[in-house]
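Everything on this sheet refers to the single structure shown next.
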Amino acid sequence: MKLSVFSECLHAPTPLNLVVVGDNPMVHDLMNAGEQTLRFIVYRQLRNQITQRYFDLLAELDLQDVFIDYQREMTVGLLMTELLRHHEERISITDSYFPGKNIRHVNADTQSGMIFTYLVAHNADATLKETACYFGYDKNYFSRLCRRLFNKSFSEQLTFIRIELAKRMLAFSNKRIEQIAAELGYKNNSSFFTAFKREVAITPNDYREQHGYRLAHQHINDN
């Protein structure tokens, strides 16, 4: 497998224009966060031909030249507009990073991202009351907000995040299942197995057997 990494510094104009943010309010919030605030959005499933062509072009435009620099900047802008197209299907809020607690004046996608980021960081011990307090909300109002944003209750959303983290640890680490359960806040293996099977329809052992080849393959490549 070939992995290509592109790093670009995109300077957002003031005010932001459609070339940069399109109709995506989440990108708008991201770019208005300020240069000192680390935030990022993860896009997945970028296999369409237009996106790939822009990446290929960026790989070719790898020279120190004022004209090439201009062409790279324009290509990055075009890539951004393509990423914004159908962004609801491509953005992985679970992997994106939205730190902070001021969610009152941002759009629903950014609210979801900021709550996700908090719950991922506090997955083992997060409670509705403490999370609501962190974001400055009454517990009952915050519960309704989570229902509106995620179409799930707070506890259901926390379980979803825990199971997603569990799936990654099962597939990409050598951690024992008991250790994974403990790190995710489950009091015992039985409760972890029950929650995992309810969400994934198979046991953690079966999931690791089906997906753990990725870790083995990685070790082979590293050696």
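Structure values in brief
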{"read-out": "Lysines whose Cα lies under 18 Å from that of K175, excluding same-chain neighbours fewer than 8 positions away", "value": "K167, K187"}
{"read-out": "Proximal aspartates and glutamates relative to K129, as straight alpha-carbon distance under 17 Å, when same-chain residues fewer than 8 apart are discounted", "value": "D138, E156"}
{"read-out": "Over the stretch 88-208, volume per residue of the alpha carbon convex hull, in Å³", "value": "112"}
{"read-out": "Net charge of neighbours whose Cβ lies under 14 Å from the Cβ of T194, counting Lys and Arg as +1 and Asp and Glu as -1", "value": "+3"}
{"read-out": "Solvent exposure ordering (accessible area, 1.4 Å, most first) of R90, R168, R53", "value": "R53, R168, R90"}
{"read-out": "Cα lying deepest toward the dipole's positive end in the stretch 108-223, options F150, A124, L184, charges on Cβ", "value": "F150"}
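The values are calculated or read from the model by the stated rules, or taken from the named source; none is laboratory data. Fair warning: this is a prediction, and the values are worked out from it, not measured in the lab. Positions of Cβ are backbone-derived with ideal geometry, glycine not excepted, and every protein chain shown enters the neighbour counts. These area figures cover heavy atoms from the full protein model, side chains too; ligands, DNA and RNA do not enter into them. Shrake-Rupley method; radii C 1.70, N 1.55, O 1.52, S 1.80 Å.
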